[in-house]
Structure formats: structure tokens, C-alpha cells
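One structure is given below, encoded as C-alpha cells.
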Amino acid sequence: MVGLKEELLKSIWHAFTALDLDRSGKQCHWFPFCPQVLSHNLCTVLNVPHDPVALEEHFRDDDEGPVSNQGYMPYLNKFILEKVQGNFDKVEFNRMCWTLCAKKNLSKTPLLISDEDAFKVWVIFNFLSEDKYPLIIVPEEIEYLLKKITEAMGTGWQQEQFDHYKIALNTSREGLSVWELIDLIGSGQFSKGMDQQTVSMAINEVFNELILDVLKQGYMLKKGHKRKNWMERWFVLKPNIISYYVSEDLKDKKGDIILDGNCCVEALPDRDGKKCLFLIKCLDKTFEISASDKKKKQEWIQAIQTTVNLLRAGSPPPHKEARQKRKELRQKLLAEQEELERQMKELQAANENKQKELEAVRKQLEAAAARAAEEEKKRLQTQVELQDRFSLELEREKMVRQKMEEQVAQKSSELEQYLQRVRELEEMYKQLQEALEDEKQARQDEETVRKLQARLLEEESAKRAELEKWHLQQQQTIQMTEAEKQELENQRIIKEQALQVAMQQLKQLELERKEALEQYEEVKKKLETAANNTKSWKDKVAHHEGLIRLIEPGSKNPHLITNWGPAAFTEAELEERQKSWKGKKASSE
């Protein structure tokens, strides 16, 4: 019922928009086209009970008109369309709506089609148009309709011509209105000079298929059920019925063959002088039919079998299913196009953002270039100043060079004194080697003292461990029985005496360790003093070797030299210290 309501609304929309309404939407300048009359006519052709009270209430004389806020559509839906049962003549309904809108909108230019053909094109338009208002037919459906008409005329389809027309159409609008479609077909642009009768027959055939659901029609012979005679009849195949008439004008209907999923069609062999026989089996009756030739027989069998299969599957007629698939495909393409447009907008927005970023970067680069030019200008100015300063420095350097040459001449006279000083330095190097040997001996003595200290520490640790052991034994002894105390008392006295002796030895070791530490500190201080003296001598030697100052006469007294410079003691003091070290070493051994 929803699909039927949509089809009815399209025809009613044409009739309603043709009404010459004033601003309130109630009064009309030509009485027969008023909404009241339209509603009455709709109730009549749709076999809907007419409710004059509701009509008068809806169209009462106030500010609420049929195209105002309340509108005509609520009344149409509630009191007319919701009561439609489908038991009405669709052609008569469409013809009534056509009569209301054709006179006002149909072109006055002479067309190659009659008014009846224009009416059929108008009905086909309502079937193929989009479900949005104002109604238009898109280029894909225009191509489909023109192809159907061309095939019905038996001529070839002009695809290239239609492609040019489609390109011109797409550049200006989305599709055509019904009156533009009638003008296009009536102009003969795609009929290749066919006469009016051929075009009219083609339109009628397409009208029968798309609007009247005629899947196939033609003359065949039918065998009677009572007299068993064969009579020629005009058969019309629809989605659920086969009707047969006396002639193709459909005025004298002779009967119907009701089709359902239980029907079947079978080919029969030729008999009784009849050829191209086939049989239609239904639940209550069987029909024998003879086609004019084998090709017609096969076409009718295939068409009837296809119709029965569609009834079994509950599918709509092929042309309606094809129309639905085309709409779904267009909706899908439209959704993809909208998605593509959305993506393009996003890309465009991103591109604009990038352009803004690039513009900002360009401005930054221009600012940076300006700063660089300013810095280059400053650099050139600084370079000029540096060149001037360098010229002054060069002149000053020339003067300094002249003075240096004079000084070199003066220094050459002092060369002999310098050579004499070099010889003295060689002698000092020999003394320095001897001091280094003494320093090595001092380091060895230091190592000996360190080992002695370590040995004393080990002995002290051993004594402490022994004392701990005696202490533990003493504690164990205290815990013995009273009978053993007297005997152990003597042993304790002996052990205490031994402990006192050990403590005295430990104190002696502590004194020796302290003495060794003092000797070690003394040797360490002397070693540091020797190292400082050696370093001082190295600095002096480096100072003399660099020719930084003139050589002056040195002291005639011999001094010991170490790796770090002159020693802090004389040779006699060194011999005295060596004797002291040897004596201490012998006493410790």
C-alpha cells in the first residue's frame, strides 16, 4: 500500500499544482479547479466514501487553507488515501488528474504525438520519476524509456546522440519535468523520422508493459471447455492473470486464467490438425492453446513459466524490480558521490590550511630574507672596517718586524753564552739521573715500611683473635660446675697471666705500628718534597731549553738532582738517612 500511495501522490501532485490558488490557498479563479472539487473527484475515481462534513470543516472560511500550515496533504492522507483499497481503475484515475493539469501545462507547440500518447507518456513519467518534489525524471530513466520506445518501433538505439544530449542536460539541471519529457518525445528527436502511428504504437506498447503490467500479448487459438471448438482470442499476460478477449481493442472480455505458484505450462505434440500446442494447468481448470508458430509458442511458454516462477518467489514484475534496482543503484552512486564530495571538501579544507601555512612560511621567509639582507649589509660594513683595521695592523706589524730584526741581531751576540749554558745543563742532567736513582731507593724503602706495617696489622689481628678465643674459653669455664671451679681457677690465673703477657705484646705491636706509621709519613713527606724539587728542576730545564731568557751563571756548589728537580737535602744528609733506614730495617728483621 505504501508503493500505491506514492504512485497516487505523484498524479495528485500534478493536479494540485495546476490549481490557480490565491495566497490563502482556498479560493480559485476558475471554479472547477478548486480543491473541494478535486477532493470530490478523487473520492469518486478511487471508490472512497465521500465525507462532505470533513471536507467543509477542513475548508472552512478562516485563515487555515489547504496550502497553509494545516495544508491540503493532511486532509488528503487522512480522508482519502488511507481509505483506498485498490479496487479502482488506475487509468481512469490518471486520466482525471491529467485532465486537470494538461490544459494549463501542455505545450502549445504542435507535436508528433497525439494527446492520448502524451497522456501515456505522462503516466509513464509518474512511474519512472524520482520520489521527491518537484517531480523530475533523471537522465538514466530517460535513456531507459527512450530505449524501450525505440525497441518497440524496431529501430536502432542512437547511443552517441543521446550521450551528447545527456552531457548538455547534466550541465544545466538534474533531469526533466513531465512536460519537458513530452516535448522531447513529441519533437521526434530520437524517433528517426518515424510516422505518428508507429510512434503511437510504440508508446502504447511501453505503456501496457510499465503501467498496465502487460508482460506479453497477442492472438492465439484457444480450445473451448464445453463445445471443444477452437476460437481465436487476444491474450494478455499480466503478473497474476491471463485475460483473453475477442479482439485487441479489449472491449469484449471472454475470460481469465488465474495464475499462482501451483500452475504449470507444458508443450503438447501436434494433433487434430493443430500445431504449436501447449497446455496451462491450474488447480481447477486446464487450458489448451495453439500459437501461430513455434517461435511464438516458445515465447509464450517461457513468459508464462517466468510469471509462475515470480509468483512462487513472491517477486514483483520484472520491470518494477528493474526500476527498483536502478533506483537503489542511483542512491548508492549518489551516496558515493556525496562521500566523495565530502572527502573533496575535506581535502580542499586541508589544501586551504596548507596554503595558509605556506603563505605564513613565505612571509617568514621574506622576513628572514629581509633580516639576512640587513645582516649582509652589516657584515659588509664590518668587513670594510676590518680591512681598514687590518691595514693598520699590517703597518704596525712591519714596524714590529723591524724591531725584531734588530733584537735578533742583538740575540746572536748572546749565542755563545747560551752554548756555554747548554754544556752546564748537560752536567746538571747527569746529577738529575743520580737523584732519580736515589728516589727509586726511597720508594723501595717506602714499600718495605708498608709491608712491615701490614705484617704488624696481621699479627695484631691474630693476637686479637687469640684473645677472643681465650675470652670464650673463660666464659665456658665460668659455666662449669662448682666442683671444677677450684681446679679451673688455677688455670684461669695462668691464662690471665698469659693474657696480660699477650696484652703487653699487643701494646708493644701498637707502639711499633705507630712508629712505622710515623716513619711512613716522614718518608712520604720527603718523597713529596723530592717530587716537588724534581718538578721544579724540570720546569727550570724546560725554561732554559726554550731560550726564553738569557743564561745566567749558576751556583758552583754541587746539588743532588731528582726527576722533579733539585733535591731538598745535601749528599751528606742523604748518606745519614740511608744509614738510619738500614738500621731500622735490620732491627725490624
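Near residue 202, within a Cβ-to-Cβ distance under 15 Å, what is the net charge of the other residues, with Lys and Arg +1 and Asp and Glu -1?
Values: positive: 120, 147, 148, 192; negative: 116, 117, 151, 195, 205, 209.
Summing Lys/Arg as +1 and Asp/Glu as -1 gives -2.
Kindly state, to the nearest 0.05, the FRET efficiency for residue 204 paired with residue 303, given R0 = 22 Å and r defined as their beta-carbon distance. Here the calculated transfer efficiency is 0.70. If you take all other residues with their beta carbon under 14 Å from the beta carbon of residue 11, and give Lys and Arg +1 and Asp and Glu -1, the sum is 0. For the chain, the membrane-span-like helices by this rule, meaning whole DSSP H stretches whose C-alpha atoms cover at least 18 Å of axis and whose Kyte-Doolittle mean is -1.0 or above, are 2-17, 90-105, 115-128, 139-153, 196-210, 294-313; this says nothing about an actual membrane.
Among 576, 489, the order of accessible area from largest down is 576, 489, computed with a 1.4 Å probe on protein heavy atoms. This model, with +1 at the C-beta of Lys and Arg and -1 at the C-beta of Asp and Glu, gives the chain a dipole about its Cα centre of some 3140 debye. With Rh defined as the Kirkwood radius, the inverse of the mean 1/r over Cα pairs, the Rg/Rh of segment 458-521 is 1.19.
Computed with every protein chain present, the accessible area of residue 520 is close to 40 Å² [probe 1.4 Å].
A full extension of the chain between residue 321 and residue 4 corresponds to an added length of 112.6 nm, given 0.36 nm per residue minus the alpha carbon distance. Summing charges over neighbours of residue 219, with a neighbour being any other residue whose Cβ is under 11 Å away from its Cβ, gives +1 when K and R count +1 and D and E count -1. Along each principal axis, taking the top coordinate minus the bottom one, the Cα set of the chain gives 167, 112, 71 Å in descending order. In this structure the chain gives 65 Å² per residue of accessible area when probed at 1.4 Å with all protein chains present.
Only helical runs count toward this figure. For the chain, summing -39,500 (n - 2.57) over DSSP H runs of n ≥ 4 and dividing by all residues gives -23000 deg cm²/dmol at 222 nm.
Could you pull out the trypsin sites (Lys or Arg not before Pro) across segment 143-191 that fall in loop regions by DSSP (anything but H, G, I, E, B) with no more than 11 other Cβ atoms inside 10 Å?
173
Cross-link list 440/584; 5/285; 90/332; 104/325: which exceed 24 angstrom alpha carbon to alpha carbon?
Values: 440/584 19 Å; 5/285 35 Å; 90/332 31 Å; 104/325 34 Å.
As for pairs spanning more than 24 Å Cα to Cα, those are 5/285; 90/332; 104/325.
For the chain, carbon and sulfur atoms together expose 52% of the accessible surface, with a 1.4 angstrom probe and every protein chain in place.
Quick one: length gained pulling residue 109 to residue 247 fully straight, 0.36 nm per residue minus the C-alpha distance?
Numbers: separation 138, 0.36 × 138 = 49.68 nm, distance 3.53 nm.
Contour length minus the Cα-Cα distance gives 46.1 nm.
The values are calculated or read from the model by the stated rules, or taken from the named source; none is laboratory data. Bear in mind the structure is a predicted one, so any value in this text is a computation, not a measurement. In this analysis, Cβ positions are derived from the backbone assuming ideal geometry, glycine residues included, and neighbour counts consider all displayed protein chains. Calculation scope for accessible area: heavy atoms of the full protein, side chains included, ligands and nucleic acids excluded. Shrake-Rupley method; radii C 1.70, N 1.55, O 1.52, S 1.80 Å.
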